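Everything on this sheet refers to the single structure shown next.
The values are calculated or read from the model by the stated rules, or taken from the named source; none is laboratory data. Remember, predicted model here, so these are calculated numbers, not experimental data. Don't worry about glycine lacking a Cβ; one is built from the backbone with ideal geometry, like all the others, and counts go over all protein chains shown.
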Amino acid sequence: MTYTVQQIADALGAEAAGDTTLQIDSAAEPGDAGASDLALAMSPKYAEALGSGAARAAILWPDADWQALGLKAAIFVARPRMAMSGVTAMLDTGQWDQAGIHAAAVIDPSAELGEGVSVGPFTVIGARARIGAGSAIGPHCTIGKDAVLGPDARLREMVSIGARATIGARFIAQPGARIGADGFSFVTPEVSGVENVRRTMGDQAGARAQSWLRIHSLGAVTIGDDVEVGANATIDNGTIRDTAIGDGSKLDNLVHVGHNTRVGRDCLLCGQVGISGSVEIGNNVVLGGQVGVVDNIYIGDGAIAAGGSKILSNLPAGRVVMGYPAVRMETHTEIYKAQRRLPRLARDVETLKKAVSKQGSSD
Amino acid sequence: MTYTVQQIADALGAEAAGDTTLQIDSAAEPGDAGASDLALAMSPKYAEALGSGAARAAILWPDADWQALGLKAAIFVARPRMAMSGVTAMLDTGQWDQAGIHAAAVIDPSAELGEGVSVGPFTVIGARARIGAGSAIGPHCTIGKDAVLGPDARLREMVSIGARATIGARFIAQPGARIGADGFSFVTPEVSGVENVRRTMGDQAGARAQSWLRIHSLGAVTIGDDVEVGANATIDNGTIRDTAIGDGSKLDNLVHVGHNTRVGRDCLLCGQVGISGSVEIGNNVVLGGQVGVVDNIYIGDGAIAAGGSKILSNLPAGRVVMGYPAVRMETHTEIYKAQRRLPRLARDVETLKKAVSKQGSSD
Amino acid sequence: MTYTVQQIADALGAEAAGDTTLQIDSAAEPGDAGASDLALAMSPKYAEALGSGAARAAILWPDADWQALGLKAAIFVARPRMAMSGVTAMLDTGQWDQAGIHAAAVIDPSAELGEGVSVGPFTVIGARARIGAGSAIGPHCTIGKDAVLGPDARLREMVSIGARATIGARFIAQPGARIGADGFSFVTPEVSGVENVRRTMGDQAGARAQSWLRIHSLGAVTIGDDVEVGANATIDNGTIRDTAIGDGSKLDNLVHVGHNTRVGRDCLLCGQVGISGSVEIGNNVVLGGQVGVVDNIYIGDGAIAAGGSKILSNLPAGRVVMGYPAVRMETHTEIYKAQRRLPRLARDVETLKKAVSKQGSSD
């Protein structure tokens, strides 16, 4: 697919200058750009490399002197990452060129596929499943019975959609995403050591060894509109009610969301985040990479946790935390600085003890 | 599948009251329950919502006044989660309705499938593999050559069972579980920086840059009876002997078990737990979410680690730990409280230094 | 496959003694070894168990008295793990016995497969993809359009290779590895709370709730020679330039490498390591299990991080770190010891305060 510089500028709602009829078929870093690439040089720092590439057109910062940079055309943007969203969407050539239903897909006769749905080879679609119009289902996917997928879904290869899952519009799933695994829920016939430890904060209280009985997941997963789930991420079915992900939330690779948990709207869960069961997460929450969240707590709207934080208790709305256990970021910084000084502090106390002892004895 | 209230009570070994011939086809939370649902209201707190639902039957706590709650029938249980196990098992409608061997499965002629085994589309079963009677193998699975799977296995879609794996009865694997990946085992021709750091606790001792040579995994994985492995979890082959998981142990999503490690009976490894190679884990051990275990240590029977703990040394039986590095939970709590007070402690010491200095000079 | 003791010794470049014509078909631990197994007893500790097995041949340490151990033949090695690499490579019987292109693979007519390539059932190979000679592509793999795979690749089942990926010689991918998922890259129309927190170190500065716009990944993944990627590990596509993994680097199971990140040569990334986007990692870097690396930093050549470390800032070459946040290992040890003594230190300060107060009042 090829666009003129003007078409790209119009799509971004941005100003353009120079020969805006130049044809663009790809984007590149300034030093790597060829004649039909749009160089991405949104700050003077990046523009320096334009000379070592062959770009004729670039995206620049407002009021940049494009002619002095040796360009034939330029687009000017104020918020570079926003421009990146628009330009990468236009120039994305996608993963496959599939069309229609591949002959090697196995689709239950009772499944309903909307207009323009494409299905890759070796995909299995179960009884009564419904796939919204315009969706592209990649190769090797499994879509369970009674699952509902909204319009314009994009499923990469080997994605699992469990039975009875309900998913909104424009869903994106990366390879190996698992929607609707069974929840991890077990019970012992008598009170277990874990239950005692939770009650006593550390004492098993003599619980004897027992085997685990399985609690099946009768619930499923409900996902809103505009959600994206990363490669090999997993979202478990609820026990009775559905596990839920709100509109606009994005889950990165290898994220785990436990059974019954509810994630609100427009949240970002970064790589390898792990959320236990029955957690309530508000809207616009951002959890950095490898954050962990203990079960049965809530995290208020707009809370932010730095990468690696382990959240062990409720967080109020807007709270910014870090650490294990996670505390306010400024508290963490204060504790951390004091820790670095701890060995010196210990030496100071030793010195003081001797001084006081000497003074005491000299009294 | 439909049951009467009496049938469910009998299965749970529980008392029932009222019109126990009422037909039940599903379970629901009290506020969501319809006329053919069994409402789960095992405590007075949950029972409050019965009024906003349409349940005619519910599971309640012992001696609950079911008639006052507007019900037509009730079942009474003392340990709610135990009842959940029984009732969810009865009412689980499963992921597929598959029967028999799908025409699009590829099964080696030398493989042996027991009576009543079903195999989903696009599953591959290797030479001499044996599948126990009553097993249901989902779509897109790969079962390696010489693998043995006990009776009544339940494999969701896209499960890998490596060559020569040996698995007991009633095995459950969630989507994308990987049994029998190769171990992560490499060696450098000369002593490496990592080996020196381990020996010296921090000093690379001038080791030079080298490339890594692969140690192949000749061992496989041995798994006992009644084991469940979560979505996208991975268990590596042993180097010479098998990596082993004992009877009754349950592994959650995205758990990693390294080569040669042996996990005992009835352990729970929660979401994203990572266990290095050559670890010996006893029976009834519970590791919370995101726990990490360093290689070549042992963890005694009944030990419990809170979520996020990093276990860097041997744990005796029954020990309850938390933190990084993991220490006794009460030690962790004590250290943590002291840390919170650290900035104040530092100020106290500063004040003391001034006071002592002044006293010293006034002597 | 069977070898004589002499053939194995020659392959290892090691000395052998006794009846070196003995036939070996497998390796075993000393206590488990049968008559055609090579027992691995590279230290006197392991050799003790030879008596309880039936081994006739073993690998021993230099100058071991093999006849006194009751053996008929022996091989002597100085660096046991190096010998393990050679002997396990020889005796590995592999995962499948596949040959040729399976009839149930779907291969685009424009794809180019080198000499001797085998392709398992249900694998999909896209337009213009090129597979190097001698490669074995397992079942259920997806190889995207325009992807290039070097000679002698070994792909286990259900591996994803994204469109436009470029991979060198002798690539090994464990089951469920995902090369070329889309990067996790989103932007809000206006400055977000996360951006403010990063700038202010903890203050959201009143950012309002917004939805996330997607930045597509136009880049792909470039991987060097002799790289191995573990089960269910994920490597994301770059935004514009490719995400890159250097020659000889090994990634364990469930490792995550974010978009634009560049990993150098001969690195080891152990189980569940998570690397954010735009990280620059040098050569010969070793990251222990569950290490996390924040985005946009660099890690110098030969740096080593202990398991569980969270690396939040640049690391110079050769640095050995531990902790959250990661600090020099000796600093971590010093801080940790001081922490363990913290409760006592706090009591000492209380005592001092009383003593000083008393001395002050008695002046």
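Filter region C:300-331 for residues that are buried (at least 18 other Cβ atoms within 10 Å of the Cβ) and without any contact (Cβ under 8 Å) to a residue 12 or more places away in the chain and give the result.
Passing the criteria: only C:Val327.
Give me the residue from region B:1-48 that is buried (at least 17 other Cβ atoms within 10 Å of the Cβ) and hydroxyl-bearing (Ser, Thr, Tyr) and, out of that set, nearest to B:Thr88 (Cα to Cα).
B:Tyr3
Quick check on A:Val255: is it more than 27 Å from A:Val194 (Cα to Cα), buried (at least 22 other Cβ atoms within 10 Å of the Cβ) and of a type in the set (Val, Ile, Thr)?
In short, no.
Does at least one position in region A:134-154 carry a residue that is touching a His at 6+ places or on another chain (Cβ under 7 Å) and over 21 Å from B:Val159 (Cα atoms)? Steps first, answer last, please.
Of the residues in region A:134-154, the ones touching a His at 6+ places or on another chain (Cβ under 7 Å) are A:140, A:142.
With the extra rule that they be over 21 Å from B:Val159 (Cα atoms), the set shrinks to none.
Checking region A:134-154: not a single residue is touching a His at 6+ places or on another chain (Cβ under 7 Å) and over 21 Å from B:Val159 (Cα atoms).
Which of the numbered conditions does A:Asn283 fail, given that it passes all the others? Conditions: (1) surrounded by fewer than 24 Cβ atoms within 10 Å (Cβ to Cβ); (2) closer than 29 Å to C:Ala177 by Cα.
Of everything listed in (1) surrounded by fewer than 24 Cβ atoms within 10 Å (Cβ to Cβ); (2) closer than 29 Å to C:Ala177 by Cα, A:Asn283 misses just condition (2).
Take the conditions buried (at least 24 other Cβ atoms within 10 Å of the Cβ), within 24 Å of B:Gly114 (Cβ to Cβ) and of a type in the set (Phe, Trp, Tyr) and apply them to B:Phe184. Does it pass? Can you show your working first?
On the way: buried (at least 24 other Cβ atoms within 10 Å of the Cβ): yes; within 24 Å of B:Gly114 (Cβ to Cβ): no; of a type in the set (Phe, Trp, Tyr): yes.
Here the answer is no, as B:Phe184 does not meet what is asked.
Could you tell me which of the residues A:Leu155, A:Leu91, A:Leu71, A:Leu113 is in contact with a helix residue (DSSP H, G or I) (Cβ under 8 Å, 6 or more places away or on another chain) and not small (Gly, Ala, Ser)? If you could, list the steps in order and put the result at the bottom.
Numbers: A:Leu155 fails: in contact with a helix residue (DSSP H, G or I) (Cβ under 8 Å, 6 or more places away or on another chain); A:Leu91 fails: in contact with a helix residue (DSSP H, G or I) (Cβ under 8 Å, 6 or more places away or on another chain); A:Leu113 fails: in contact with a helix residue (DSSP H, G or I) (Cβ under 8 Å, 6 or more places away or on another chain).
Exactly one of A:Leu155, A:Leu91, A:Leu71, A:Leu113 is in contact with a helix residue (DSSP H, G or I) (Cβ under 8 Å, 6 or more places away or on another chain) and not small (Gly, Ala, Ser), namely A:Leu71.
Collect the residues in region C:321-363 that are in contact with a Gly (Cβ under 7 Å, 6 or more places away or on another chain), modelled with pLDDT of 85 or more and in a helix (DSSP H, G or I), keeping them in residue-number order.
Kept after step one, since they are in contact with a Gly (Cβ under 7 Å, 6 or more places away or on another chain), are these residues of region C:321-363: C:324, C:329-330, C:332, C:355, C:359.
Add one more test, that the residue is modelled with pLDDT of 85 or more, and what stays is C:324, C:329-330, C:332, C:355.
Of everything in region C:321-363, those that are in contact with a Gly (Cβ under 7 Å, 6 or more places away or on another chain), modelled with pLDDT of 85 or more and in a helix (DSSP H, G or I) turn out to be C:Met329, C:Glu330, C:His332, C:Ala355.
Please determine, by comparing only the residues of region B:158-171 that are in contact (Cβ under 8 Å) with a residue 40 or more places away in the chain and part of a loop (DSSP other than H, G, I, E, B), which one is nearest to the chain's Cα centre (by Cα). Walk me through how you get there before you give the answer.
Here is the first cut: in region B:158-171, the residues in contact (Cβ under 8 Å) with a residue 40 or more places away in the chain are B:162-171.
From the residues that got through so far, the ones that are part of a loop (DSSP other than H, G, I, E, B) too are B:162-165, B:168-171.
On the way: B:Gly162: 20, B:Ala163: 23, B:Arg164: 23, B:Ala165: 20, B:Gly168: 17, B:Ala169: 17, B:Arg170: 15, B:Phe171: 13 Å.
Among them, the one singled out is B:Phe171.
In region C:265-281, what residues are facing chain B (nearest Cβ under 10 Å) and small (Gly, Ala, Ser)?
First, the residues of region C:265-281 that are facing chain B (nearest Cβ under 10 Å): C:265-273.
If the condition is that a residue be facing chain B (nearest Cβ under 10 Å) and small (Gly, Ala, Ser), then C:Gly271 is the only one that fits.
Can you pull out every residue in region B:172-209 that is touching a residue at least 40 places away in the same chain (Cβ under 8 Å) and aliphatic (A, V, I, L, M)? Before the answer, list the steps.
Going through region B:172-209, the residues touching a residue at least 40 places away in the same chain (Cβ under 8 Å) turn out to be B:172-185.
Selection gives B:Ile172, B:Ala173, B:Ala177, B:Ile179, B:Ala181.
Looking only at region C:90-105, which residues are exposed (fewer than 15 other Cβ atoms within 10 Å of the Cβ) and either more than 7 Å from chain B (Cβ to nearest Cβ) or polar (S, T, N, Q) (or both)? Give the steps one after another, and end with the answer.
Quick first cut of region C:90-105, residues exposed (fewer than 15 other Cβ atoms within 10 Å of the Cβ) only: C:93-94, C:97, C:99-100, C:103.
Once the filter is applied, which keeps residues that are exposed (fewer than 15 other Cβ atoms within 10 Å of the Cβ) and either more than 7 Å from chain B (Cβ to nearest Cβ) or polar (S, T, N, Q) (or both), region C:90-105 yields C:Thr93, C:Gly94, C:Ala99, C:Gly100, C:Ala103.
Restricting to region A:302-320, give me the number of residues that are under 24 Å from C:Ala209 (Cβ atoms), outside any loop (DSSP other than H, G, I, E, B) and more than 7 Å from chain C (Cβ to nearest Cβ).
Taking region A:302-320 as the starting set, the residues that turn out to be under 24 Å from C:Ala209 (Cβ atoms) are A:302-307, A:309, A:311, A:313-320.
Checking the rest, the ones that are also outside any loop (DSSP other than H, G, I, E, B) come to A:304-305, A:311, A:315, A:320.
Adding the requirement that they be more than 7 Å from chain C (Cβ to nearest Cβ) leaves A:305, A:311, A:315.
Result for region A:302-320: 3.
Which number in (1) surrounded by 22 or more Cβ atoms within 10 Å (Cβ to Cβ); (2) closer than 28 Å to A:Leu268 by Cβ marks the one condition that A:Asp225 misses?
Evaluating A:Asp225 over (1) surrounded by 22 or more Cβ atoms within 10 Å (Cβ to Cβ); (2) closer than 28 Å to A:Leu268 by Cβ leaves (1) as the failure.
Residues of region C:71-109 being touching a Lys or Arg at 6+ places or on another chain (Cβ under 6 Å) and in contact (Cβ under 8 Å) with a residue 60 or more places away in the chain, which ones?
None - no residue of region C:71-109 is touching a Lys or Arg at 6+ places or on another chain (Cβ under 6 Å) and in contact (Cβ under 8 Å) with a residue 60 or more places away in the chain, so the list stays empty.
Got a sec? Which of A:Gly176, A:Gly206, A:Gly183, A:Gly202 is assigned to a loop (DSSP other than H, G, I, E, B), more than 7 Å from every other protein chain (Cβ to nearest Cβ) and touching a strand residue (DSSP E or B) at 6+ places or on another chain (Cβ under 6 Å)? Steps first, please.
Working: A:Gly176 fails: more than 7 Å from every other protein chain (Cβ to nearest Cβ); A:Gly206 fails: touching a strand residue (DSSP E or B) at 6+ places or on another chain (Cβ under 6 Å); A:Gly202 fails: more than 7 Å from every other protein chain (Cβ to nearest Cβ).
It is A:Gly183.
Residues to consider are A:Arg128, A:Arg156; find the one that is crowded, with 20+ Cβ neighbours inside 10 Å and over 30 Å from B:Gly302 (Cβ atoms). Quick ask: steps written out before the conclusion?
Details: A:Arg128 fails: crowded, with 20+ Cβ neighbours inside 10 Å.
None of the other options fit; the residue is A:Arg156.
Filter region C:53-89 down to the residues that are exposed (fewer than 15 other Cβ atoms within 10 Å of the Cβ) and either within 14 Å of chain B (Cβ to nearest Cβ) or within 30 Å of C:Val124 (Cα to Cα) (or both) and list them by number.
Hits for region C:53-89 are C:Ala78, C:Arg79, C:Ala89.
Take A:Ile297 and decide whether it is surrounded by fewer than 24 Cβ atoms within 10 Å (Cβ to Cβ) and more than 9 Å from chain B (Cβ to nearest Cβ).
Working: surrounded by fewer than 24 Cβ atoms within 10 Å (Cβ to Cβ): yes; more than 9 Å from chain B (Cβ to nearest Cβ): yes.
When the stated conditions are applied, A:Ile297 passes them.
If B:Asp152 satisfies all but one of (1) charged (D, E, K, R); (2) closer than 18 Å to B:Thr222 by Cα; (3) touching a residue at least 40 places away in the same chain (Cβ under 8 Å), what's the number of the condition it fails?
Here B:Asp152 clears every test but (3).
Could you say whether any residue in region C:331-339 is among the aliphatic types (A, V, I, L, M), within 11 Å of chain B (Cβ to nearest Cβ) and more than 31 Å from the chain's Cα centre (by Cα)? Don't jump to the end; show me each part of the working.
First, the residues of region C:331-339 that are among the aliphatic types (A, V, I, L, M): C:335, C:338.
In the following step, the residues that additionally are within 11 Å of chain B (Cβ to nearest Cβ) were identified as C:335, C:338.
Then drop every residue that is not more than 31 Å from the chain's Cα centre (by Cα), which leaves C:338.
Checking region C:331-339: at least one residue is among the aliphatic types (A, V, I, L, M), within 11 Å of chain B (Cβ to nearest Cβ) and more than 31 Å from the chain's Cα centre (by Cα).
Return only the number of the condition from (1) within 13 Å of another protein chain (Cβ to nearest Cβ); (2) modelled with pLDDT of 95 or more; (3) crowded, with 19+ Cβ neighbours inside 10 Å that C:Asp108 does not satisfy.
(3)
Of these, A:Val356, A:Val349, A:Val291, which one is at negative phi and either within 19 Å of the chain's Cα centre (by Cα) or away from chain C (no Cβ under 11 Å) (or both)? Steps first, answer last, please.
Details: A:Val356 fails: either within 19 Å of the chain's Cα centre (by Cα) or away from chain C (no Cβ under 11 Å) (or both); A:Val349 fails: either within 19 Å of the chain's Cα centre (by Cα) or away from chain C (no Cβ under 11 Å) (or both).
Selected residue: A:Val291, the only one of A:Val356, A:Val349, A:Val291 that is at negative phi and either within 19 Å of the chain's Cα centre (by Cα) or away from chain C (no Cβ under 11 Å) (or both).
Could you please find all residues in region A:221-241 being over 12 Å from the mean Cα position of the chain (by Cα) and either in contact (Cβ under 8 Å) with a residue 60 or more places away in the chain or within 9 Å of A:Arg178 (Cα to Cα) (or both)?
Matches in region A:221-241: A:Asp225, A:Ile235, A:Asp236, A:Asn237.
Inside region A:139-157, can you point out the residues that are in contact with a Lys or Arg (Cβ under 6 Å, 6 or more places away or on another chain) and part of a strand (DSSP E or B)?
A:Val148, the sole residue that qualifies.
Quick one: would you say C:Gly132 is over 22 Å from the mean Cα position of the chain (by Cα), over 23 Å from A:His102 (Cβ atoms) and free of Cβ contacts under 8 Å to residues at least 40 places away in the same chain? If you could, list the steps in order and put the result at the bottom.
Values: over 22 Å from the mean Cα position of the chain (by Cα): yes; over 23 Å from A:His102 (Cβ atoms): yes; free of Cβ contacts under 8 Å to residues at least 40 places away in the same chain: yes.
The answer is yes for C:Gly132.
Does at least one position in region B:9-26 carry a residue that is under 27 Å from B:Ile172 (Cα atoms) and away from every other protein chain (no Cβ under 14 Å)?
Just the residues of region B:9-26 that are under 27 Å from B:Ile172 (Cα atoms), to begin with: B:9-13, B:24-26.
If we keep only those that are away from every other protein chain (no Cβ under 14 Å) as well, we get B:9-10.
Yes, that holds for at least one residue.
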